[in-house]
Amino acid sequence: THLIGLVYAAYNAHALCETTERQPRLWIRAGRQNTPVDDQARDSLKRQKRLTDYEIARCGPVTVEDIDAAVMGEFRRSSTSGVSSDSPDVTVLRAVGAIDGTSGDEYFTNAGYLFFTRNPQRRLPSRSIRLLRLPVKLRDAAPGVTPDFDKEFVGSPSQQIRQIRAFLLESGFFKTFQVRRPAGGFDQVPEYPPIALDEAIVNAVAHRDYAVTEPITCIAYRDGFVVRNPGRLRQRNQTIPDSFSLDTVRLESNRNNPLLLEWLSRMRDDNGSPYVRLLSEGTESLRWLLRACPPQSTKSLPHRLRCCFPMTWNGVRVSIQARARSNVLRSLRICMP
């Protein structure tokens, strides 16, 4: 005879429920199962519940030489920090929470060092965007495949977004197709909707888990483009199953990095628009852009989020030229396995 004891532990937003052993164990609900949690996931849960706050933790001493003048100038022009416009940079950064500590022992917080210094990757390596191209299809992806293109975008989050936007716009990394109009003439149709790609990348930069020492990885396959975001998909008022569709599950905004989001919302890009709007519009914009798609397959894993845009027409270039723009958009998918 085997006895099974069931212990109910109510959800607590400010604590973890662990065993009382010397090395405590912890489980997390995943659909109908409880899965054991490793040290990395435990640390991530502590950050999510604000038991520890990665953004305001001490990163390094304040030196004026480390402050990025370009980012600082852009932030001053587009932000109201509550201090005089002629105040020193250190005073402004203290006012917005990028610098903390007492006189003589001031330090950059993790968020402040990442956002306002010349070379944040010096102390916070791998907090960058990596763009790869693999000469295989999505289904043939394997760890041993050698990329035929590999580029890293570094600097502050706003600089990373600017750099990868400029590169994708000017480099010809993605193809452009000529599509015949029914009334005559041709339209230039990009391989992927640029706005959808931009939303996926900006969302990854804004919401990734910066405590995880991995870059945001963008991978172009022969039949798809994947944005892989370090971090776990969290929702306050719903349990996310292992696999779901964005047609049936509406995701709510969850601010993993409130300081970084606030600073990105204050700054303006090259078009004069804020990098993020704090209106929970990211996945809604993607849903709207890909509204003509068939049902999307979505999947969430404990430490990584992935947004994937497969091309169902890859290898049939002639048929693309015969399709209308709406049909090209209709053959895209979005998924987060």
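Gly155 - would you say it is part of a loop (DSSP other than H, G, I, E, B) and surrounded by 14 or more Cβ atoms within 10 Å (Cβ to Cβ)? Yes. Residues that are in a loop (DSSP other than H, G, I, E, B) and over 19 Å from Ala211 (Cα atoms) within the stretch 23-71 comprise Gln23, Pro24, Arg25, Leu26, Gly31, Arg32, Val62, Thr63, Asp68, listed in sequence order. Taken as a whole, the condition of being within 23 Å of the chain's Cα centre (by Cα) and of a type in the set (Lys, Arg) does not apply to Arg181.
With the structure loaded, tell me whether Val227 is in a helix (DSSP H, G or I), surrounded by 13 or more Cβ atoms within 10 Å (Cβ to Cβ), at pLDDT 85 or above and at negative phi or whether it fails that test. So Val227 does not fit the description; no. If the condition is being among the small types (Gly, Ala, Ser), within 24 Å of Tyr275 (Cβ to Cβ) and at pLDDT below 85, then the stretch 47-87 contributes Ser78, Ser79, Ser81, Gly82, Ser85.
Restricting Val62, Val136 to residues that are among the aliphatic types (A, V, I, L, M) and over 30 Å from Phe174 (Cβ atoms) narrows the list to Val62.
Whether any residue in the stretch 158-177 is part of a loop (DSSP other than H, G, I, E, B), surrounded by fewer than 17 Cβ atoms within 10 Å (Cβ to Cβ), under 23 Å from the mean Cα position of the chain (by Cα) and among the basic types (Lys, Arg) is what I want to check. Checking the stretch 158-177: not a single residue is part of a loop (DSSP other than H, G, I, E, B), surrounded by fewer than 17 Cβ atoms within 10 Å (Cβ to Cβ), under 23 Å from the mean Cα position of the chain (by Cα) and among the basic types (Lys, Arg). Screening the candidates Gly185, Gly144, Gly101 for the property of being in contact with a strand residue (DSSP E or B) (Cβ under 7 Å, 6 or more places away or on another chain) and either in contact (Cβ under 8 Å) with a residue 60 or more places away in the chain or surrounded by fewer than 17 Cβ atoms within 10 Å (Cβ to Cβ) (or both) yields one hit, Gly101. Every condition in (1) under 16 Å from Pro258 (Cα atoms); (2) surrounded by fewer than 18 Cβ atoms within 10 Å (Cβ to Cβ) holds for Asp43 except the one numbered (1). Could you tell me which numbered condition Arg236 fails, if it satisfies all but one of (1) modelled with pLDDT of 85 or more; (2) loosely packed, with under 14 Cβ neighbours inside 10 Å? Exception for Arg236: condition (1). Looking only at the stretch 109-124, residues that are touching an Asp or Glu at 6+ places or on another chain (Cβ under 7 Å) and not in a helix (DSSP H, G or I) come to 3 in all.
Could you list, in sequence order, all residues of the stretch 188-216 that are of a type outside the set (D, E, K, R), buried (at least 19 other Cβ atoms within 10 Å of the Cβ) and in a loop (DSSP other than H, G, I, E, B)? Of everything in the stretch 188-216, those that are of a type outside the set (D, E, K, R), buried (at least 19 other Cβ atoms within 10 Å of the Cβ) and in a loop (DSSP other than H, G, I, E, B) turn out to be Tyr192, Tyr210, Ala211, Val212, Pro215. Out of all the residues in the stretch 60-67, is one or more surrounded by fewer than 20 Cβ atoms within 10 Å (Cβ to Cβ), in contact with a Lys or Arg (Cβ under 9 Å, 6 or more places away or on another chain) and in contact (Cβ under 8 Å) with a residue 60 or more places away in the chain? The answer is yes, given that some residue of the stretch 60-67 is surrounded by fewer than 20 Cβ atoms within 10 Å (Cβ to Cβ), in contact with a Lys or Arg (Cβ under 9 Å, 6 or more places away or on another chain) and in contact (Cβ under 8 Å) with a residue 60 or more places away in the chain.
Whether any residue in the stretch 254-261 is under 21 Å from Phe75 (Cβ atoms), modelled with pLDDT of 85 or more, polar (S, T, N, Q) and in a loop (DSSP other than H, G, I, E, B) is what I want to check. Scanning the stretch 254-261 turns up at least one residue that is under 21 Å from Phe75 (Cβ atoms), modelled with pLDDT of 85 or more, polar (S, T, N, Q) and in a loop (DSSP other than H, G, I, E, B). Each residue in the stretch 1-28 was checked for being within 18 Å of Lys46 (Cβ to Cβ) and modelled with pLDDT under 75, and 5 of them qualify.
The values are calculated or read from the model by the stated rules, or taken from the named source; none is laboratory data. Because the structure is a prediction, the values reported are computed rather than measured. A quick note on method: Cβ atoms are made from the backbone with ideal geometry, for glycine too, and the neighbour counts reach across all protein chains shown.
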